[in-house]
Every structure is written in C-alpha cells, then in structure tokens.
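Since the structure comes first, as structure tokens, the remarks are kept for the end.
The values are calculated or read from the model by the stated rules, or taken from the named source; none is laboratory data. Since the model is a prediction, treat every value here as computed from it, not as a measurement. Neighbour counts are summed over all protein chains in view; Cβ atoms, including those assigned to glycine, are modelled from backbone coordinates with ideal geometry. In case anyone asks, the SASA skips ligands and DNA or RNA and just uses the protein heavy atoms, side chains included. Shrake-Rupley method; radii C 1.70, N 1.55, O 1.52, S 1.80 Å.
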Amino acid sequence: MIIEAKNLWKVYENEGTKTEALRGVSFSIKKGEFVAVMGPSGSGKSTLLHILGLLDNHTDGSYHFSGKDVNSYNQEQIAKLRNHKVGFVFQAFNLLPHETVIQNVKLPLMYSDIPESKWDEMAEKAVIAVGLEHRMHHEAVQLSGGEKQRVAIARALIHEPEIIFADEPTGNLDSKSGQAIIEIIQKLNIKHGHTIILITHETYMAEYAERIIRLHDGQIVSCENVKNRKMGVNCYVNKPE
C-alpha cells in the first residue's frame, strides 16, 4: 500500500474552540490506484488531501506513506518527499501569467538538485504528456481555462511523482474543458501508472475512478468499487452516530 491511514483525526483549535475536521478516518490506497473522495462542503475532503499530501499534520491516529510513518520524518525530509513523490493540481491554476508554459512547468525544478541543463527536456516531456506542445512557448495569460489546467497538470508531473492529488481540478472550467481534464487525469493513471487521489463533488468525475470514498462530517460514510459496486474495499466505514 502506498497510503495507509488508521483512525486519522484532525482537530483545529481557535480561541479555545475546537473543530473536528476529521474523526477517525481509516483507509488504504494501493500503488497505481485511482481513488475519488467525495462529500459536501465541510465534510473534510480538503483537510484529508492536505494531510495525505504532506501539507499539514494530523492530530491523532497514524499515516504511513510508502510503508513509513510520516511522523518519523523531519521537516527537511517531509519537504523533499513532497517535492519528489507528490504532485498537486488545484482548482486555481496558480500560474505565473506572463511566463510561458514551459517556464511555468519548470518552476518546481528551481527547488531541486536536478542540473539546470536537464530542465527543458523534463518540462517538454511533461507538456507533451498533457497534449499542449503546440502552446509550449505561449504565455499563461494567453491560454484558455482548460489549457491553464493542463499546464498545472504538467507542472505536477515534472518530477514524475508517485501520487497526484487533484483538488476539484475542473471547478473553474466549463463542462467540455472539464471532461478533457478528467480524461487526461485518467490517462495518467492507466497509461503512466500514477496513483491518483481526486477530490470532487461531481459524480460524473468520480465515476472515472476505481473507487469512491464518501465523507460526511469528517467521517467515511461509504466506500465502493466503481465497477462492481462492492462496498467497504480497503477502508473502514464509520458507524452512524
């Protein structure tokens, strides 16, 4: 298993008030799997993504990434792991508007120990993977919304990460562009073997995944295989309170 979460809790405290964003979440994800996480606003989807993507810490429980407890890593090791093993695609494209596609895609390499002589080759490979080679030297401001999201995906691919986290990646797109993006993400899973964790509230997008985990009020309320509708695969469903 590339991800194993056991009884995961996340509690935020603000001026003495505690908010339980995750409450005893347990599940595992195999390497190369495509999993969608669904739930209404405030269900804990983004909190879970931030913890799994090593952007935030859990309050209680355990989280193993590639077989190792993340609490055993120091901050420098966590940063290196996040930079090399994980890719992120967010609803906001987070591009530099007056930099070219290729320059935007190369940005993560500035924080790596990879020789600069290899940057262009790596970035071009990532851009080709998302079918945007014809726009490689256009500035981001000149691109459509769907093209901008393709650039964001290419940027996430630059280190050939084991896992790609996609947080509502089609939220700012029209339905046609959104369809194209989810098909690219599915291709990265099927043809290139990337593990995908997709956060979405769109059922049609979640159906592209192999498995759907549904959250409500910080707990898992269902977990099903998309193809055979088998329930409870590699996750623990919290009992209703």
| field | Accessible area (Å², 1.4 Å probe, nearest 10) - M38 | value | 10 Å²
| With labels modelled as points extended 7 Å from the Cα through the Cβ direction, what inter-label distance (nm, one decimal) is found for I78 paired with K118? | 2.7 nm
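Order these peptides, 57-63, 81-87, by their mean beta-carbon neighbour count within 10 angstrom, highest first. List each step's numbers first, then the result.
Values: 57-63: 16.1, 81-87: 18.7.
Taking the mean over residues of other Cβ atoms within 10 Å, the ranking is 81-87, 57-63.
Tell me the net charge near Q142. Cut-off is 14 Å between Cβ atoms, Q142 excluded, with +1 for each Lys or Arg and -1 for each Asp or Glu. Intermediate results must be reported in sequence, preceding the final value.
On the way: positive: R135, K148, R150; negative: E99, E139, E147.
Charge balance in the 14 Å sphere: 0.
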| Among the aspartates and glutamates, which fall within straight-line cross-link reach of K68, defined as a Cα-Cα distance under 19 Å, with same-chain neighbours fewer than 8 residues apart omitted? | E4, E33, D56, D60, E76, E162
| query | Under a point spin-label approximation (7 Å from Cα along Cα-to-Cβ), what is the K191-L55 distance to one decimal in nm? | reply | 2.7 nm
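Rounded, prolate or oblate: pick one for region 9-109, where a ≥ b ≥ c are the square roots of the eigenvalues of its C-alpha gyration tensor, a/c under 1.5 means rounded, and failing that, prolate if a/b is larger than b/c, else oblate.
Working: a/c = 1.71, a/b = 1.43, b/c = 1.19.
Because a/c hits 1.5 or more and a/b exceeds b/c, region 9-109 counts as prolate.
Helix-only estimate, please: 222 nm mean residue ellipticity of the chain, summing -39500 (n - 2.57) across DSSP H runs of length 4 or more and dividing by its residues, to the nearest 500. Could you put the intermediate results ahead of the total?
Working: 7 runs with 69 residues, N = 241.
Result for the chain: -8500 deg cm²/dmol, rounded to the nearest 500.
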| query | Where does the charge balance sit around I153 when Lys and Arg score +1, Asp and Glu -1, over other residues with C-beta under 12 Å from its C-beta? | reply | +2
| note | Between the alpha carbon centres of region 37-88 and region 96-168 the gap in Å comes to 23 Å
| Between rounded, prolate and oblate, where does region 134-180 land on the alpha carbon gyration tensor, with a ≥ b ≥ c its root eigenvalues, rounded for a/c under 1.5, else prolate if a/b exceeds b/c? | oblate
| message | Students often get this wrong, so try it: which of (i) 0.94; (ii) 0.97; (iii) 1.08 is Rg/Rh (Cα atoms, Kirkwood Rh) as calculated from the structure shown? | response | (ii)
| task | Would you mind checking K80/K118; K31/K187; K191/K227; K6/K106; K6/K187; K45/K227 for any pair whose Cα atoms are more than 25 angstrom apart? | result | K6/K106; K6/K187
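Given a 1.4 angstrom probe, what's the average accessible area per residue across region 132-193, in square angstrom?
Numbers: 2690 Å² over 62 residues.
So region 132-193 comes to 43 Å² accessible per residue, rounded to a whole number.
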| Accessible carbon and sulfur surface of the chain relative to its total accessible area, %, 1.4 Å | 48 percent
